[in-house]
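Q: Submitted below is the structure of interest, expressed as structure tokens.
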Amino acid sequence: MCAPGCSSFSRDWRQAARQPADQRSVEGRWEGQWISEANGHHGNLRCLMTRENDSFYKARFRATYGKTLHLHFTYAATLGMHPHDIGWEFDGEADLGKLAGGTYYYEGRAATTNLVSTYRSKYDHGRFEMRRVE
């Protein structure tokens, strides 16, 4: 099962692989995992970061969840990106709809090779741990 946008995400993921990662930016492909600290659920996570302007990036996520079915869910969040000593700090939010838990809020840091973020919503909280894909 795949939410709308999965096929375009997969196409864009493959297309982004043809472009070298810019080490002066968070743009590009990231992958890793998410884990809920509320209930222990976890899964694989991919992210395509696209620069919208000097301060904002669009993060398109594709997450897997479910122990036996490995369902996929694709969504986007706008992240405010700010330079930091070792890379960037960011925050943002995404409304995933009532069935998916409502609005999720994100805060994290990224360097040239890794990205770590916390997330929280009304019913869940946890973290992402990702690395840049070359």
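Throughout, read-outs are computed from the coordinates displayed, never taken from laboratory work. These numbers were taken from a predicted model, which means no experiment stands behind them. Glycine gets a Cβ as well: all are built from the backbone with ideal geometry, and neighbour counts include every protein chain shown.
Q: Provide the net charge surrounding GLU93, with neighbours chosen by a C-beta distance below 12 Å and charges set as Lys +1, Arg +1, Asp -1, Glu -1.
A: -2
Q: Angle check, please: helix 6-16 long axis (alpha carbons) against the longest principal axis of the chain (alpha carbons), in degrees 0 to 90, nearest 10.
A: 20
Q: Got a sec? Which residues in segment 24-50 would a label at THR118 touch, if it sits 7 Å along Cα→Cβ and we count backbone N under 19 Å?
A: Backbone N within reach: 33-42.
Q: Next question, about the same structure. From the residues ASN114, GLY40, GLY126, which one has its Cα farthest along the dipole of the chain in the positive direction, the dipole being from +1 and -1 charges on Cβ of Lys/Arg and Asp/Glu about the Cα centre?
A: Ranked along the dipole, the leading option is GLY40.
Q: May I pose another question? Calculate the spin-label point distance for ASP22 paired with HIS82, positioning each point 7 Å from the Cα along the beta-carbon direction, and give it in nanometres.
A: 2.2
Q: Based on Cβ point charges of +1 for Lys and Arg and -1 for Asp and Glu, what charge dipole magnitude is obtained for the chain about its Cα centre, in debye rounded to the nearest 20?
A: Roughly 540 debye, rounded to the nearest 20.
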